[in-house]
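Below is one structure, written out as structure tokens; the observations come after it.
The values are calculated or read from the model by the stated rules, or taken from the named source; none is laboratory data. Bear in mind that the values here come from a model prediction, so they are computed numbers and not experimental data. Virtual Cβ from ideal backbone geometry, glycine too; neighbours counted across all protein chains shown. The accessibility values were calculated without ligands, DNA or RNA, using every heavy atom of the protein model including side chains. Shrake-Rupley method; radii C 1.70, N 1.55, O 1.52, S 1.80 Å.
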Amino acid sequence: MGTVNRTQGMQGRQPCRTLVLLLCSLAAVTNAPAETYFLGVDVPAELAGTDYLPHQIVRSQLAVYSLELALPQGTDIAALDLRPDGSWLFAPAHPVTLDGSDYEPRDLVAVDGGTYSLELDGSAAGVPAGARIDALFFDPAGRPVLSFDVPVDLGGTLYGPSDLVLYDGGFSAYWFGNRAGVPGYANVVGAAENAGGLVLTFDVPTELGGTLYEPGELVDYSFGAFGSRFKDATWPPYAQLRGFSFGPSSGAVPDGGSVPGSPLEIAKAAGGDITLRWDVSCSSSDSDYAVYEGVIGSFTSHDVKLCSTGGATQATITPGPRSSYYLVVPQNALREGSYGTDSAGSQRPQGPGSCQPQEIGICQ
């Protein structure tokens, strides 16, 4: 695994507010590698005893695999990215016709609810015919970062199969693999940005800094050094991991300490109700909030009070019959974030019920 950086959210933390009920705002996020990611394969591959095909998007969680989405037969995946709103972007490995439109391996195609549309016209952008996009992610500004399966001349600059190229109406260098020490025989066939560094995967066994990394293995690159992020020891040696994307992670609401902004507050409302107010999540991908209620003295008892506030940063609720505490947890279309940390600085666990699976990411 790569280096794990931890932010201790309890330092300088404000006392919990008390107004009949105990209310604790969320603490900081733990910056740990995402354990869930989505992938494609280049050939039919047996993963943990189940066969998966090149047109299928596969979910992986610590080498436990399941089918997430099947594209039409023959729509083999070369590059893949999952957007925070739950839609997918991919580059087809071969020319394909979808919903009456033709797409090339140099194009990016969006799929949302079974509807396909052109996201990036590779020909119009200046990508040479015969080049295939085989790695894809988006930078914090929402611009695509791409890698190609062959050397390509873009705007007068030659990029190799291990390079990453930013597209923003024109192409510019994002990361040169050879300058980082990637050997010339290796092709980057999957990439993502996570916790300020890159995560890569290669098409062949690749030696980096004296360590051999296998196809299917996720490799961290940060501060000039490579390290293994995740390796499935049973990954079939004949298969490439063709594009991958981490599940969109969620952040935290302000905690009065390391997560900036106004922390959770309480006010009396009419008829014995209470109104909770907080500032927006630290993660730009979050668009909604869940509210959980637990019994004071049993601080893992929090259960669902609201699964959505409609994106509002306040909610008026009727409190339970006993002294209660409340947690506000941000969420995007697919994941919820931090429940805060306990007095030891550890992330609070999800309770008996939860609105969505949890994936805690970094604040951005």
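From the residues in segment 340-364 that are hydrophobic (A, V, I, L, M, F, W, C) and assigned to a loop (DSSP other than H, G, I, E, B), which one is surrounded by the fewest Cβ atoms within 10 Å (Cβ to Cβ)?
Restricting to residues being hydrophobic (A, V, I, L, M, F, W, C) and assigned to a loop (DSSP other than H, G, I, E, B), the top hit is ALA344.
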inquiry  = All but one of (1) of a type outside the set (Ser, Thr, Tyr); (2) in contact with a Cys (Cβ under 9 Å, 6 or more places away or on another chain); (3) not in a loop (DSSP other than H, G, I, E, B) hold for GLY261; state the number of the condition that does not hold.
reply    = (3)
remark   = Among (1) open to solvent by 10 Å² or more (accessible area, probe 1.4 Å); (2) assigned to a loop (DSSP other than H, G, I, E, B); (3) under 24 Å from THR50 (Cβ atoms), VAL204 falls short only on (3)
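Could you identify the single residue in SER262, SER222, SER245, SER258 that is open to solvent by less than 10 Å² (accessible area, probe 1.4 Å) and either within 30 Å of GLN331 (Cα to Cα) or of a type outside the set (A, V, I, L, M) (or both)? Even if it seems obvious, please write down each step before you answer.
On the way: SER262 fails: open to solvent by less than 10 Å² (accessible area, probe 1.4 Å); SER222 fails: open to solvent by less than 10 Å² (accessible area, probe 1.4 Å); SER258 fails: open to solvent by less than 10 Å² (accessible area, probe 1.4 Å).
Result of the check over SER262, SER222, SER245, SER258: SER245.
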remark   = By residue number, the members of segment 276-309 that are of a type outside the set (A, V, I, L, M, F, W, C) and either in a strand (DSSP E or B) or at positive phi (or both) are ARG277, ASP288, TYR289, TYR292, GLU293, GLY294, GLY297, ASP303, LYS305
query = Does segment 155-199 hold any residues that are surrounded by 19 or more Cβ atoms within 10 Å (Cβ to Cβ), under 21 Å from the mean Cα position of the chain (by Cα) and not in a strand (DSSP E or B), and which are they?
reply = ALA195
inquiry  = Condition (residue is in contact with a Lys or Arg (Cβ under 6 Å, 6 or more places away or on another chain) and open to solvent by 30 Å² or more (accessible area, probe 1.4 Å)) applied to segment 318-339: is it met by at least one residue?
reply    = no
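Any chance you could count how many residues in segment 215-258 are at positive phi and in a loop (DSSP other than H, G, I, E, B)? Break it down stepwise before answering.
So the first thing to find is which residues in segment 215-258 are at positive phi, and the list is 216, 223-224, 243, 256.
Filter once more, so that each one left must be in a loop (DSSP other than H, G, I, E, B): 216, 223-224, 256.
So the answer is 4.
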task = Run down VAL111, VAL58 and say which single residue is of a type in the set (Val, Ile, Thr), surrounded by 22 or more Cβ atoms within 10 Å (Cβ to Cβ) and in contact (Cβ under 8 Å) with a residue 12 or more places away in the chain.
result = VAL58
note = Residues of segment 77-98 being buried (at least 22 other Cβ atoms within 10 Å of the Cβ) and without any contact (Cβ under 8 Å) to a residue 40 or more places away in the chain, in sequence order, are PRO92
